[in-house]
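To start, the structure itself, in structure tokens.
The values are calculated or read from the model by the stated rules, or taken from the named source; none is laboratory data. Only a predicted model underlies this, so the values are computations on that prediction, with no experimental measurement involved. Using ideal geometry, Cβ is built from the backbone for each residue, glycine included, and neighbour counts are taken over all protein chains shown. These area figures cover heavy atoms from the full protein model, side chains too; ligands, DNA and RNA do not enter into them. Shrake-Rupley method; radii C 1.70, N 1.55, O 1.52, S 1.80 Å.
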Amino acid sequence: MGKNTRTILICSGKGGVGKTTLTANLGIALANSGASTAVLDADFGLRNLDLLLGLENRIIYTAQDVLDKNCRLDQALVRHKKEPNLALLPAGDPRMLDWMKPEDMKKISEMLSEKFDYVLVDCPAGVEDGFKNALAACKEAIVVTNPELSAVRDADRVIGILNTSEVEPIQLVINRVRPNMMASQEMLSIDDVQGILSLPLLGIVLEDEQVIISTNRGEPLTLTDGRSPAKKCYLNVSQRLTGKDVPIIDPKKEGKSLKDKFMRLMQTKVF
Amino acid sequence: MTLRDLINKLLGRETASANTARERLQLVLAHDRVDMSSLTTDLLDKMRKEILDVVAKYVEIDFEEVAVSLETEDRMTALVANLPIKRTITGDIKFKKNDKEDKIQKDIKK
């Protein structure tokens, strides 16, 4: 491989913590910054990345066809109309899980590496074969979790497996952060989660209704013009991923009402 | 303890749930992480015996002083074996008792 392509696994263990949403938004943000970016849906059982990107009607071939040599790679890649720097390689049908091997995924990722600067692999939930296949395709990893018991526990399992692999660096994104609940100490804090998982923190994403709305429309937030808390966070994560020295968004500074300020006062350590 | 905790305590109210969450999580993870290196008891004993058998083929070990254990730091688990050698099997005493220690360290990344 001539190019220094970064192949990044986006995983979480638990389902529903926001892997696919992060993949879609990060993909758009990276592409928007000028890097040619591919997003690979490695969730063959329950694929959704096409939906989040609004590309579900444009899929003709899938990763499976590429492996079977039914088509060339560029025939299977779906270019995003509004962000031509971004292409999706759709997942094949669930039956692929029966025969798919880590080497197959590796092959796909090597093919993508020849054409793109960034390859983001949206990993399936769980720690079984689907996860291990996706892992084989990547050189680094982002673990997504929520400030919530079950998500952190599952993330810990995944990190245990990642630590035995060659993947490096492994970075953490804490998703669905609610500053108010953290301020009133009814939610695990960023420090709690990061301390327990002991991974470098790549960023946080605030809980935001706009995420649901953007999913409904099939337009990731980073593609839209509006301002929203989650969009700001996704852009921040993207910048930090590309090595820009910007600080992580601090949820403590996000709430601006008097109540939020009072809650912050209550967090002061007395002894 | 934070200001909030202090007020809660003074008023006899329940503490905020994040504390409970943190404590429960730390407990369950401590369990999970040990579970993953399920070498702890039976298997470790078996492995210790086999290691000793192999080493004993070549050197005479001071069985009283043998220590084989798993040590975990951060996320790394290491097998640490401390096997004091009395003499080589060919007869000559090469080392004085407990003078030299044969240390085998194998990393089992878990």
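Taken as a whole, the stretch B:29-49 holds at least one residue that is open to solvent by less than 70 Å² (accessible area, probe 1.4 Å), within 14 Å of chain A (Cβ to nearest Cβ) and modelled with pLDDT of 80 or more.
Here's the yes/no breakdown for (1) among the charged types (D, E, K, R); (2) within 30 Å of A:E128 (Cβ to Cβ); (3) in a helix (DSSP H, G or I); (4) away from chain B (no Cβ under 14 Å):
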residue: A:R153; (1), (2), (3), (4): yes, yes, yes, no
residue: A:L172; (1), (2), (3), (4): no, yes, no, no
residue: A:M181; (1), (2), (3), (4): no, no, yes, no
residue: A:L202; (1), (2), (3), (4): no, yes, no, yes
residue: A:Q210; (1), (2), (3), (4): no, no, yes, yes
residue: A:T222; (1), (2), (3), (4): no, no, yes, yes
residue: A:D225; (1), (2), (3), (4): yes, no, no, yes
residue: A:R240; (1), (2), (3), (4): yes, no, yes, yes
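Taken over the stretch A:98-109, residues that are part of a helix (DSSP H, G or I) and open to solvent by 80 Å² or more (accessible area, probe 1.4 Å) amount to 5.
Candidates in the stretch B:1-28 are the residues that are in contact with a Ser or Thr (Cβ under 9 Å, 6 or more places away or on another chain) and surrounded by 15 or more Cβ atoms within 10 Å (Cβ to Cβ); of these, the one that is farthest from the other protein chains (Cβ to nearest Cβ) is B:N8. Evaluating A:F262 against the criteria (1) under 30 Å from A:I159 (Cα atoms); (2) within 14 Å of chain B (Cβ to nearest Cβ) leaves one unmet condition, (1). Is it the case that some residue within the stretch A:41-52 is open to solvent by 20 Å² or more (accessible area, probe 1.4 Å) and aromatic (F, W, Y)? Checked the stretch A:41-52: no residue is open to solvent by 20 Å² or more (accessible area, probe 1.4 Å) and aromatic (F, W, Y).
Sort out which residues of the stretch A:110-141 are part of a helix (DSSP H, G or I) and either open to solvent by less than 20 Å² (accessible area, probe 1.4 Å) or within 24 Å of A:R157 (Cα to Cα) (or both), and write them in order of number.
So in the stretch A:110-141, the residues part of a helix (DSSP H, G or I) come out as A:110-113, A:129-136.
Within the stretch A:110-141, A:L112, A:S113, A:D129, A:G130, A:F131, A:K132, A:N133, A:A134, A:L135, A:A136 qualify.
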